[in-house]
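Asks: Sharing a structure here in structure tokens format.
The values are calculated or read from the model by the stated rules, or taken from the named source; none is laboratory data. Bear in mind the structure is a predicted one, so any value in this text is a computation, not a measurement. Positions of Cβ are backbone-derived with ideal geometry, glycine not excepted, and every protein chain shown enters the neighbour counts. The accessibility values were calculated without ligands, DNA or RNA, using every heavy atom of the protein model including side chains. Shrake-Rupley method; radii C 1.70, N 1.55, O 1.52, S 1.80 Å.
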Amino acid sequence: MHTLFQNNRSMFMKEKIFVKRILWALPVLIVIGLLFWWKNSSVEEFRYTKEYYDVFDTVTTVTGYAETEEIFYEEAEQLHLQLIKYHQLFDIYHTYEGLTNMKILNEQCKTNTVKVDQELLDFLIYGKKMCVETNGETNIALGSVLKIWHDYREEGIKDEVSAKLPNKIELENAGLHTDIEDLIIDLKNGEVSFQDSQLQLDVGGIAKGYSVEKVAQYGKKIGMTNFLLNVGGNIRAVGTKLDGKPWIIGIQDPASKDQSEYIKTVELNEMSVVTSGDYQRYYVVKGKKYCHIIDPDDWYPANFFSSVSVIARDSGKADTYSTALFNMDYTKGKKIVEDDPDLEAMWITQNGIIYYSSGFGD
Amino acid sequence: MELFIIPVDLEIKMKKNDWVLIFLVLFVGLFSYGIVKIVQIQSTKEPQAVITQEGKLVATYPLWENQLIYIPTKENWTNCLKIENGVIYMLEANCPDKICVNHKPISKNGESIVCLPNKVVVIIENGIEQEVDGGTY
């Protein structure tokens, strides 16, 4: 009996120790649980913004989310490098060593057939397609006319007093050499030539939008999910903000000299918005403003509107149509927009009257 | 064959020290979690304007101190900024387009004034958040 009692007592002690151990384990488990909870909540993403000033002659802003600033800057830099690539490819004023770009094409295609990379080939096909689609209102072959206006504008900005308009004959002659069909693209051999030796390409109306779309797609490919790419006001929202809310974008008030005075805000979720305005690039002749967007119908700056803003999913399309709609009257433009479910637009006339397409801002 | 007598008294007597230890472990765990959370929360800093030229930092100025700022130097400046009433704006610049001069005064987080010809950039840090994420122009 004595030994039994002793056995029981030792067992009793063991049970006590066992329960005690459980009681010990509880706070330890709680602490471990808290640590896991903390670890999960610290895989939090913060919002960052990076600016670049060296592409497309304008300010570029990338806004997105990442765990750290370093990670975000690395991702943004990849987008930046892509933008540099397109900036150089579409530059009609400078050449870059080893690169067959737009300036080279303008110099050589009149006499030769020039071999080009797939990237440039794709763009030229796109440009030709957009010209046809917009009935010539957005025409990348308008270079010979645009060059005349560019030269007069530069002179007029330098010396406002003696600013002049190009003469009509000059413009009409140049206008004879703006047929997109004279841009010959040989897909099979990857070659480009001009059937008209006076043809010149100027891609200002669609290059930014096209590049922004390409770079946005690239960003998605490298794993960026929610970001905003803004190249000189050409905006592409990828996804929503991290909290699921849409990106809020202001549209500049044409009447204000201040770029950040907004006349309307729109909410974007996986969408692009581009504005064409007469206040972006212009010069003044005898008190009247002449902007940089030239109407292919009469070779003079279009003055139907102070600005046209277009919303479309694809940034290249938004850029193309903001130029096209800027070059035509409201009735014509409205029909085009209403017939295309992918397009929404906002027109602001010279008198400040605003028209919206039926789905604008939805 | 052994007979087991189950003790009637199963009450576990927790000594005071046991409780002290348990709560100590709990406390340390919660305390360290709290510290981590506080460190994560950004410390409240004052709004300031960060000025760069050609990508290089020129200086930062708190928005609470009214003053004139000459870039790059007072003797030989291309851009002149003014801070007053908690905002900063471009007072004068020698660039042809004057976009920077026409820009309204800025004070909100991330707002910027850019003089592209002179490569001068002014950005606000630690300001209150803007209403928009971007703008077309």
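Asks: Relative contact order of the stretch A:222-283: what whole-number percent is it, with Cα pairs under 8 angstrom and at least 6 residues apart?
Replies: Relative contact order, the stretch A:222-283: 31 percent.
Asks: Further question: Give the list, by residue number, of cysteines in the protein assembly as shown with no other Cys Cβ closer than 4.7 Å, or say none.
Replies: If one checks each Cβ against the other cysteines of the protein assembly as shown, A:109, A:131, A:291, B:80, B:95 turn up with nothing under 4.7 Å.
Asks: Round to the nearest 10 and give me the degree value, 0 to 90, for the angle of helix A:69-89's Cα axis relative to the longest principal axis of chain A.
Replies: Computed tilt is about 20 degrees.
Asks: What value does chain A have for Rg/Rh, both radii from Cα atoms and Rh as Kirkwood defines it?
Replies: That ratio is 1.27, to two decimals.
Asks: Under a cut-off of 15 Å between alpha-carbon atoms, report the aspartates and glutamates in cross-link reach of residue A:220, not counting same-chain residues fewer than 8 places apart.
Replies: Answer for residue A:220, where 15 Å is the Cα cut-off: A:74, A:75, A:77, A:270, A:314, listed by chain and number.
Asks: Using a 1.4 angstrom probe, figure out how much accessible area the protein assembly as shown has per residue, in square angstrom, rounded to the nearest whole.
Replies: Using a 1.4 Å probe on heavy atoms only, each residue of the protein assembly as shown averages 54 Å².
Asks: Separate question: Over the protein assembly as shown, what percent of the accessible surface lies on carbon and sulfur atoms, probe 1.4 Å?
Replies: Result for the protein assembly as shown: 56 percent of the exposed heavy-atom area is carbon or sulfur.
Asks: If R₀ is 22 angstrom, what is the calculated FRET efficiency for the pair residue B:60 and residue B:38, using the beta carbon separation as r and rounding to 0.05? Write down the numbers at each step before the final one.
Replies: Numbers: r = 26 Å, r/R0 = 1.16.
That pair, residue B:60 with residue B:38, gives E of 0.30.
Asks: What fraction of the Cα pairs in the stretch A:84-214, stated in percent, has a spacing above 27 angstrom?
Replies: Here the tail beyond 27 Å accounts for 20 percent of pairs.
Asks: Estimate for me the total accessible surface buried between chains A and B (protein heavy atoms, probe 1.4 Å, no ligands or nucleic acids), in Å² to the nearest 100.
Replies: 4100 Å²
Asks: Output the relative contact order of chain A, whole-number percent, from Cα pairs under 8 angstrom with separation of 6+ residues.
Replies: Numbers: 608 pairs, mean separation 49.9, N = 362.
For chain A, the relative contact order is 14 percent.
Asks: Considering only DSSP beta bridges whose two residues both sit in the protein assembly as shown, what percent are antiparallel, to the nearest 5?
Replies: Roughly 95 percent of the beta bridges in the protein assembly as shown run antiparallel, per DSSP.
Asks: Would you look at the GNM of chain A, springs on alpha carbons closer than 10 Å, and say which of A:19, A:59, A:274 moves the most?
Replies: It is A:19.
Asks: Under 19 Å between alpha carbons, and skipping anything fewer than 8 positions from residue A:115 in its own chain: which lysines qualify?
Replies: Here the lysines satisfying the reach criterion relative to residue A:115 are A:85, A:103, A:128, A:188.
Asks: To continue, here is another question. Before anything else, pin down the relative contact order of the stretch A:175-264: Cα pairs under 8 Å, at least 6 apart, normalised by residue count, whole percent.
Replies: 14 percent
Asks: Of chain A, which part is the longest with no trypsin sites (Lys or Arg not before Pro) in a loop (DSSP not H, G, I, E, B) and with at most 12 other C-beta atoms within 10 angstrom?
Replies: Excluding the exposed sites themselves, the longest stretch runs over A:1-163.
Asks: Where a ≥ b ≥ c are the square roots of the eigenvalues of the C-alpha gyration tensor, would you call the stretch A:67-157 rounded, which needs a/c under 1.5, or, failing that, prolate if a/b is larger than b/c, or oblate?
Replies: Cα axes put the stretch A:67-157 in the prolate bin.
Asks: OK, next. Roughly how many Å is it from the Cα centre of the stretch B:64-86 to that of the stretch A:222-250, as a whole number?
Replies: 33 Å
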